[in-house]
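A short worksheet on the structure shown next.
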Amino acid sequence: MAGVETADVVIVGSGFGGSVAAHRLADAGLSVVVLERGRAWPPGSFARTPAEMHHNFWNPEQADYGLFDVLEFRGFDSVVSAGLGGGSLIYANVLLRKDERWFVKDAELPGGGYEYWPVTREDLDPHYDAVEAMLTPSRYPFDDPQFAGVPKTEAFREAAVELGLDWQLPPLAVAFAPKPDGQPGIGLPVIEPSYGNLHGLPRRTCRLCGECDFGCNDGAKNTLDHTYLSAAKAAGADLRTMCEVQAIRPGGPGYQVRYLLHAMDGSAVSKRIDCERLILAAGSFGTTRLLLGNRAHLPGLSPALGTRFSGNGDMLSFALHTRRDGRPRAMHASRGPVITSTIRVPDELDEDGGIGRGFYIQDSGYPVILDWLVQNMDVRGDLSRLAGFSMNRLRAALRWAGPDHLEHGIGQLIGTGSLSNCSLPLLGMGRDVPDGVMRLRDGELDVSWTTETSRSYLDRVRGTMRDITAALGGEYLDNPLWFRKRLAVAHPLGGAPIGRHPGEGVCDPYGEVFGHPGLYVADGAAMPGPVGANPSLTIAAMADRLCDHLLLARGMSGRSPARGGQRRSGGTTQATPAAPARLSGGRTGAAALSFTEEMAGQVTLGEREGPAPLRLRVTVAIQDMDAFLADPRHEATATGWLDCPALGGRLLVARGRVELMVTESAGGRRRMRYRLPFTDDRGRRLLLSGHKELRAGPPTAIWPDTTTLHAKVLADGVTLGAGTLKLGRRDFLRELTTIRAGSPGALERFGTFFLGSLWQVYRPRLTS
């Protein structure tokens, strides 16, 4: 049609799904248009004053185009964002992977149906790697003197130790140092990556102001506008703000998209753009509403549309008036990033004695300006202080003998601030029951979901929060909404879930809508149930996997830029190497310790081919022993080769990962994980994914456990083959001779860690 604008791909929304897709697809050479309903929020533009906050809500009918969209449903309230960067603008920065055993299969739901995850942790691990490489998360530098003055972190850890709970510092998408792996410092200029920054404004490292959830005016958060969207723009993506999509229709080579282009004066102009591929990434509410509202024009949509809604187990409570040894204990919840540490409570799926559905509880915080609001909740104390102040002024007036100094009296009137200073919000999330249903009622989105079916889960979360509060010497308080059995949901999920077939889900396991080729869902709506952990990283990883599938379906490279990107030069595409993804905190230079491992065995690559021999040789290197020991995944790099005639002979492994002695759950079971990417003789990007399982057993189990690698060969998350590789005794003796340590101390520390981990696993049987 003449005069109609077209693009290869239109993406609706710019959150964790849309921004990943924008970067991946633009970098592959496609023309990409992103339609975001909100506006751009550069550093320094986020509201702070009461007057600014008054208009900081999304309400186009009143010409308000603010950051927060507050939604009220029958069983819960929810807050989502409107802006370039989506939920990353107001989230608390936590990037945790979904627990391996929480990818449930055939879990029955109370009202009928079941929860089924058609993807696995193994499928997503390479995509988790890719997203982490882009967002460069780092753990809160708790031991650095500049960042040590955050008492809530230490208090939370002490409570976890007292209760025997699993405490950790989660990866945070926050710049604590000017560049990844740099030296942390407060308020330092951030060094931008090679693709620059779309806002063109300077950024500073974290100042511990607690304003993460209100928008970071320093740019210290590695939000999507500073990362994926800046890279997408540099690759040629067209990022359009104030564009609210109203309708989607099949048409032409793919889809027609109609949207309103808002102006700040409240006016709007209707626009249309056609595309070959359409990716919906407007969040669980936005995407589901679009599909429901346009269902008549998308015949054959699955009956699962609108189902599997979940709040990701969100629960908020408060530990008030915390004390230690009978004296007030300062928490300073307004100092630091909003979340610095987390506690994980195991699930019955973990097979380690867990009971019920698992969850996480995290220390939380808020901007310092809210300290005044929190303190004003102490009405009884306010009245007492006001009465005392008034009586003192009356006495002074009756015995007036000259000028009086009011400093002490005013100080008494203000009070000690113990409520705000000695209190800590507790944020919980986990595996609630995904049985909510989303519908349109009079054109508006309606969600039928209550706390009843998740009551057992919620009671366990509240019980653990009470225990934590008691360990902190405080007084427990539920979120006031709970008195009406309502929840505050920050992580809405579901509505257009993935599934194995249309009877189970709206989309296939890659996010493509059944019956509508080229239409994808790439956000929280695609989740078939709760993620359990903070869902942002999983949503982004699923979107990265979607892009591999989309590009391969078009006959293009499925390579993720974060794992080895592409740059266009003079109309041609050139491969560019990617740095290995590592959490910040390591140092460059010679490895602290390395060793070379060689294993051999067989893999079965399809029924016709039968077993094929495979030999693997990799050098495992620990760059920074301090970071390695502090990292719960104990991650090291791996380089080398694998030799398999069925795949083309000897093939290079350049950017592999090995996780040594990962604790799977609180029961102490350990695994060693291997993720080794390579390219076969046909140019396919493949992954050798494997693990060594360490289970408590007799002393004779140590050798087979530590020398047997259960391996799969994957292509774009699909298993091509599986088998077992073993480390022979001669290979083991040879491996000992390859150990190289930067210092005797590094070797001693690694040996203590490795042997100590074995002792923890096998001690129950060794000493019985």
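Starting from the range 460-471, take each residue that is modelled with pLDDT of 95 or more and list its partners that are assigned to a helix (DSSP H, G or I) and buried (at least 19 other Cβ atoms within 10 Å of the Cβ), counting only C-beta distances under 6 angstrom and pairs at least six apart or across chains.
Pairs that qualify, where the first residue is modelled with pLDDT of 95 or more and the partner is assigned to a helix (DSSP H, G or I) and buried (at least 19 other Cβ atoms within 10 Å of the Cβ), are Ile468/Ala159; Ala471/Ala159.
Hey, can you tell me all the residues within the range 495-539 that are in contact with a Pro (Cβ under 8 Å, 6 or more places away or on another chain) and among the aromatic types (Phe, Trp, Tyr)?
Scanning the range 495-539 gives a single hit, Phe514.
Of the residues that sit in the range 149-165 and are surrounded by fewer than 14 Cβ atoms within 10 Å (Cβ to Cβ) and part of a loop (DSSP other than H, G, I, E, B), which one is modelled with the lowest pLDDT?
Looking at residues that are surrounded by fewer than 14 Cβ atoms within 10 Å (Cβ to Cβ) and part of a loop (DSSP other than H, G, I, E, B), I get Gly149.
If a residue counts only when it is modelled with pLDDT of 95 or more and surrounded by fewer than 21 Cβ atoms within 10 Å (Cβ to Cβ), which strands (runs of 3 or more DSSP E) contained entirely in the range 251-349 have at least 3 such residues?
254-262, 268-280
Gly219 - would you say it is assigned to a loop (DSSP other than H, G, I, E, B), under 29 Å from Ala525 (Cα atoms) and of a type in the set (Gly, Ala, Ser)?
Here the answer is yes, as Gly219 does meet what is asked.
With of a type outside the set (D, E, K, R) and under 27 Å from Tyr128 (Cα atoms) as the only criterion, which of Gly29, Gly3, Gly44 stands out?
The match here is Gly29.
Which pairs do you get when a residue that is open to solvent by less than 20 Å² (accessible area, probe 1.4 Å) and modelled with pLDDT of 85 or more, found in the range 714-729, comes within reach of a residue that is among the charged types (D, E, K, R) and not in a strand (DSSP E or B), reach meaning Cβ atoms under 9 angstrom, with the pair 6+ apart or on two chains?
Short answer, once both residue conditions are applied: Leu714/Glu122; Leu714/Asp123; Gly721/Glu609; Leu727/Glu735.
Is one or more of the residues making up the range 24-41 open to solvent by 20 Å² or more (accessible area, probe 1.4 Å), hydrophobic (A, V, I, L, M, F, W, C) and part of a helix (DSSP H, G or I)?
There is no residue in the range 24-41 that is open to solvent by 20 Å² or more (accessible area, probe 1.4 Å), hydrophobic (A, V, I, L, M, F, W, C) and part of a helix (DSSP H, G or I).
Filter the range 193-207 down to the residues that are open to solvent by less than 60 Å² (accessible area, probe 1.4 Å) and either of a type in the set (Gly, Ala, Ser) or at pLDDT 95 or above (or both) and list them by number.
Gly196, Asn197, Leu198, His199, Arg203, Thr205, Cys206
Kindly provide the set of residues from the range 625-654 that are of a type outside the set (Val, Ile, Thr), surrounded by 20 or more Cβ atoms within 10 Å (Cβ to Cβ) and closer than 26 Å to Arg670 by Cα, ordered by number.
Met625, Ala627, Phe628, Asp631, His634, Glu635, Ala636, Ala638, Leu642
Just one of (1) closer than 30 Å to Ser420 by Cα; (2) open to solvent by 10 Å² or more (accessible area, probe 1.4 Å); (3) not in a helix (DSSP H, G or I) trips up Gln146, so point out which.
Here Gln146 clears every test but (3).
Inside the range 72-100, can you point out the residues that are surrounded by 19 or more Cβ atoms within 10 Å (Cβ to Cβ) and not in a loop (DSSP other than H, G, I, E, B)?
Result: Phe76, Ser78, Val80, Ser81, Gly86, Gly87, Ser88, Leu89, Val94, Glu100.
With the condition kept exactly as written, say whether any residue in the range 533-542 is in contact with a helix residue (DSSP H, G or I) (Cβ under 9 Å, 6 or more places away or on another chain), buried (at least 16 other Cβ atoms within 10 Å of the Cβ), part of a loop (DSSP other than H, G, I, E, B) and modelled with pLDDT of 95 or more.
Yes, because at least one residue in the range 533-542 is in contact with a helix residue (DSSP H, G or I) (Cβ under 9 Å, 6 or more places away or on another chain), buried (at least 16 other Cβ atoms within 10 Å of the Cβ), part of a loop (DSSP other than H, G, I, E, B) and modelled with pLDDT of 95 or more.
Ala496 versus (1) over 23 Å from Val10 (Cβ atoms); (2) in a loop (DSSP other than H, G, I, E, B); (3) at pLDDT 95 or above: which is the lone unmet condition?
Checking Ala496 against (1) over 23 Å from Val10 (Cβ atoms); (2) in a loop (DSSP other than H, G, I, E, B); (3) at pLDDT 95 or above, the one that fails is (1).
How about the range 111-143: which of its residues are touching a residue at least 60 places away in the same chain (Cβ under 8 Å), at negative phi and in a loop (DSSP other than H, G, I, E, B)?
Gly111, Tyr116, Trp117, Pro118, Val119, Pro137, Tyr140, Pro141, Phe142
Against the conditions (1) over 18 Å from His127 (Cβ atoms); (2) modelled with pLDDT under 95; (3) among the aliphatic types (A, V, I, L, M), where does Leu35 fall short? Just the number, please.
Going through the list (1) over 18 Å from His127 (Cβ atoms); (2) modelled with pLDDT under 95; (3) among the aliphatic types (A, V, I, L, M), Leu35 breaks only (2).
Just the residues that are more than 19 Å from Arg39 (Cα to Cα) and open to solvent by 20 Å² or more (accessible area, probe 1.4 Å), please, taken from the range 235-250.
Residues satisfying the conditions are Gly236, Arg249, Pro250.
In the range 55-71, how many are closer than 23 Å to Val489 by Cβ and assigned to a loop (DSSP other than H, G, I, E, B)?
Looking only at that region, the number is 3.
Inside the range 5-23, can you point out the residues that are surrounded by 24 or more Cβ atoms within 10 Å (Cβ to Cβ) and either touching a Leu at 6+ places or on another chain (Cβ under 6 Å) or free of Cβ contacts under 8 Å to residues at least 60 places away in the same chain (or both)?
If the condition is that a residue be surrounded by 24 or more Cβ atoms within 10 Å (Cβ to Cβ) and either touching a Leu at 6+ places or on another chain (Cβ under 6 Å) or free of Cβ contacts under 8 Å to residues at least 60 places away in the same chain (or both), then Val9, Val10, Val12, Ser14, Ser19 are the ones that fit.
Just wondering, is there one or more residues in the range 405-426 that are at pLDDT 95 or above, surrounded by 13 or more Cβ atoms within 10 Å (Cβ to Cβ) and within 25 Å of Gly358 (Cβ to Cβ)?
Yes, some residue in the range 405-426 is at pLDDT 95 or above, surrounded by 13 or more Cβ atoms within 10 Å (Cβ to Cβ) and within 25 Å of Gly358 (Cβ to Cβ).
Which pairs do you get when a residue that is β-branched (Val, Ile, Thr), found in the range 224-246, comes within reach of a residue that is open to solvent by 40 Å² or more (accessible area, probe 1.4 Å), reach meaning Cβ atoms under 6 angstrom, with the pair 6+ apart or on two chains?
Between residues of the range 224-246 that are β-branched (Val, Ile, Thr) and residues that are open to solvent by 40 Å² or more (accessible area, probe 1.4 Å), the close pairs are Thr241/Arg39.
Please work out if Glu52 is assigned to a helix (DSSP H, G or I), of a type in the set (Asp, Glu) and touching a residue at least 24 places away in the same chain (Cβ under 8 Å).
Here the answer is no, as Glu52 does not meet what is asked.
Please find, within the range 461-493, the residue that is surrounded by the most Cβ atoms within 10 Å (Cβ to Cβ) out of those that are charged (D, E, K, R) and part of a helix (DSSP H, G or I).
It comes out as Arg462.
Out of the residues in the range 671-709 that are among the charged types (D, E, K, R) and modelled with pLDDT under 75, state the one that is most open to solvent (accessible area, probe 1.4 Å).
Here the residue is Arg695.
The values are calculated or read from the model by the stated rules, or taken from the named source; none is laboratory data. Note that this is a predicted model, so its numbers are computed, not measured. Positions of Cβ are backbone-derived with ideal geometry, glycine not excepted, and every protein chain shown enters the neighbour counts. The accessibility values were calculated without ligands, DNA or RNA, using every heavy atom of the protein model including side chains. Shrake-Rupley method; radii C 1.70, N 1.55, O 1.52, S 1.80 Å.
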